[in-house]
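Take a look at the structure set out below.
The values are calculated or read from the model by the stated rules, or taken from the named source; none is laboratory data. Because the structure is predicted, anything quoted here is derived from the model rather than measured. For neighbour counting, all protein chains shown are included, and Cβ atoms are generated from backbone atoms with ideal geometry for every residue, glycine included.
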Amino acid sequence: MSRFFSDKYAELKAYVPGEQPKKQQYIKLNTNENPFPPHPAVVKAAREAAGKLELYPEPECTELRETLAGRLGVSPDELIMTNGSDEILNFAFMAFCDRHIPAVFADITYGFYPVYGQINLVPYREIPLQEDLTIRIKDYFQSAGTIFIANPNAPTGIALRRDEIAEILQQNPYNVVVVDEAYVDFGAESCVPLIREYDNLLVTQTFSKSRSMAGARLGFGVANPEIIRDLKTIQYSTNPYNIDRMTMATGIACLQNDEYNMENCRTIMTTRERTRDALEKLGFEVTPSKTNFLFARHPDISGEELYLKLKERGILIRHFSVERIKDYNRITIGSQEDMETVVRVIGELVASDK
Ligand code: PMP
């Protein structure tokens with residue numbers, strides 16, 4: 001830290017993203033990326049947009065919002081586009097939390113939430129998940145703060161049903177409830193159909209996982225037009241040109257070929273269930289995931305040891321050194337072939353550890 005760094009950030013602990021190794025070739029299952037490349041039309045759109053990089057992009061993302069609105073069955077003024085969904089989550093902390101309105105989220109959830117709390121100088125309350133790592137919805141009733149729920153949750157992969165989230169919304173008429181649906185396309189129920197019923201709901205989603213565009217940084221929020229206007233005030237007060245030309249063009253092309261993405265999601269879900277069966281046969285306890293990853297622990301091998309031994313063997317998964325979940329690892333679902341390799345190597349490690 002330099003002697004110039006503001007005191008207000010003395011305690012700030014930055015988010016630590018999963019490794020993105022450059023030198024060694026790994027089977028990379030640590031950051032929940034999609035194993036399939038984007039649709040060829042997406043690559044073509046990026047190339048074409050690159051020819052106009054001397055011009056600023058259009059801050060309203062009109063065509064992209066119209067295309068997405070058609071896909072989701074909402075109106076374009078119920079949408080805001082952001083630089084990954086990380087940006088909209090930060091916008092939500094800026095817009096709907098302050099000294100008097102704390103953020104409220106689970107103790108085990110997306111690790112960026114506490115960081116957003118800290119950087120925005122917003123107090124936050126962490127609500128413990130139950131023993132089985134599920135959310136008890138009653139813990140979120142009358143919460144006196146802005147609620148952030150990753151649904152499905154990360155890194156557990158466990159989802160609440162839409163009617164359960166609706167109950168939380170009903171029980172918090174004076175607070176915004178942000179439902180972070182980064183992984184929703186892998187088998188969970190989206191809350192987008194609830195936005196007209198609940199004016200306190202903000203749903204966030206991303207193109208990073210189900211749409212194979214993590215490298216483009218495209219996310220969005222869906223809510224009633226007033227909430228969207230608040231978020232746009234934050235956008236225009238921080239970075240009006242938050243979506244670059246290439247990302248905007250690729251987003252449109254991606255949505256025009258969304259059946260390709262949804263088919264890939266179905267393949268990933270099939271691979272996920274096969275991998276789960278195989279891991280359970282090896283003695284793992286695996287949470288019921290509705291995402292593109294599995295969260296698993298084994299009685300005989302510690303989470304950290306498994307992570308390190310797999311890394312030595314060229315397989316990268318994610319281990320969190322957090323007390324409550326230190327026995328677990330989060331394993332992204334890659335191609336069927338990669339997952340067969342991973343299961344074989346894990347099987348060897350488990351056998352040699354006995
Ligand atoms: N929410 C959750 C639960 C996530 O795991 C992630 C990915 N790290 C994000 C949001 C943000 O993803 P992105 O910024 O790529 O949209």
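So here's what we get for this one:
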{"read-out": "Answer residue from region 28-75, given it is out of contact with any Gly (no Cβ under 9 Å at 6 or more places or on another chain) and β-branched (Val, Ile, Thr) and is nearest to Gly221 (Cα to Cα) among those", "value": "Val74"}
{"read-out": "Identity of the residue in region 212-238, part of a loop (DSSP other than H, G, I, E, B) and more than 10 Å from the ligand (Cβ to nearest atom), that ends up farthest from Ala154 (Cα to Cα)", "value": "Asn224"}
{"read-out": "Boolean, Arg245 is surrounded by 20 or more Cβ atoms within 10 Å (Cβ to Cβ), more than 19 Å from Glu33 (Cβ to Cβ) and away from the ligand (no atom under 16 Å from the Cβ)", "value": "yes"}
{"read-out": "When residues of region 326-339 are limited to those that are in a helix (DSSP H, G or I) and in contact with a helix residue (DSSP H, G or I) (Cβ under 8 Å, 6 or more places away or on another chain), the one nearest to Ser210 (Cα to Cα)", "value": "Gln336"}
{"read-out": "Residue in region 156-166 that is surrounded by the fewest Cβ atoms within 10 Å (Cβ to Cβ), counting only those that are over 25 Å from Met94 (Cβ atoms) and within 16 Å of the ligand (Cβ to nearest atom)", "value": "Ile158"}
{"read-out": "Verdict on Gln205 being of a type in the set (S, T, N, Q) and within 11 Å of the ligand (Cβ to nearest atom)", "value": "yes"}
{"read-out": "Options Leu64, Leu68; residue that is within 16 Å of the ligand (Cβ to nearest atom), over 20 Å from the mean Cα position of the chain (by Cα) and in contact (Cβ under 8 Å) with a residue 40 or more places away in the chain", "value": "Leu64"}
{"read-out": "Residue match in region 97-109 (condition: among the aromatic types (Phe, Trp, Tyr) and within 16 Å of the ligand (Cβ to nearest atom))", "value": "yes"}
{"read-out": "Some residue of region 180-198 being in the same structural domain as Gly219 (by TED's automatic domain parsing), assigned to a strand (DSSP E or B) and in contact (Cβ under 8 Å) with a residue 24 or more places away in the chain", "value": "yes"}
{"read-out": "Matching option when the condition is aliphatic (A, V, I, L, M), out of contact with any Asp or Glu (no Cβ under 6 Å at 6 or more places or on another chain) and not assigned by TED's automatic domain parsing to the domain that holds Val184, among Leu12, Leu64, Leu55", "value": "Leu12"}
{"read-out": "Matching option when the condition is modelled with pLDDT under 95 and under 19 Å from Ile168 (Cβ atoms), among Ala106, Ala144, Ala150, Ala92", "value": "Ala144"}
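Conditions tested, residue by residue: (1) more than 24 Å from Val184 (Cβ to Cβ); (2) part of a helix (DSSP H, G or I); (3) of a type outside the set (D, E, K, R).
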position: Met262; (1), (2), (3): no, yes, yes
position: Asp277; (1), (2), (3): no, yes, no
position: Ser289; (1), (2), (3): no, no, yes
position: Lys311; (1), (2), (3): yes, yes, no
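Conditions (1) under 27 Å from Arg162 (Cα atoms); (2) not aliphatic (A, V, I, L, M), marked per residue:
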{"residue": "Pro240", "(1), (2)": "no, yes"}
{"residue": "Thr247", "(1), (2)": "no, yes"}
{"residue": "Cys265", "(1), (2)": "yes, yes"}
{"residue": "Thr271", "(1), (2)": "yes, yes"}
{"residue": "Leu282", "(1), (2)": "no, no"}
{"residue": "Lys290", "(1), (2)": "yes, yes"}
{"residue": "Leu306", "(1), (2)": "no, no"}
{"residue": "Leu310", "(1), (2)": "no, no"}
{"residue": "Gly314", "(1), (2)": "no, yes"}
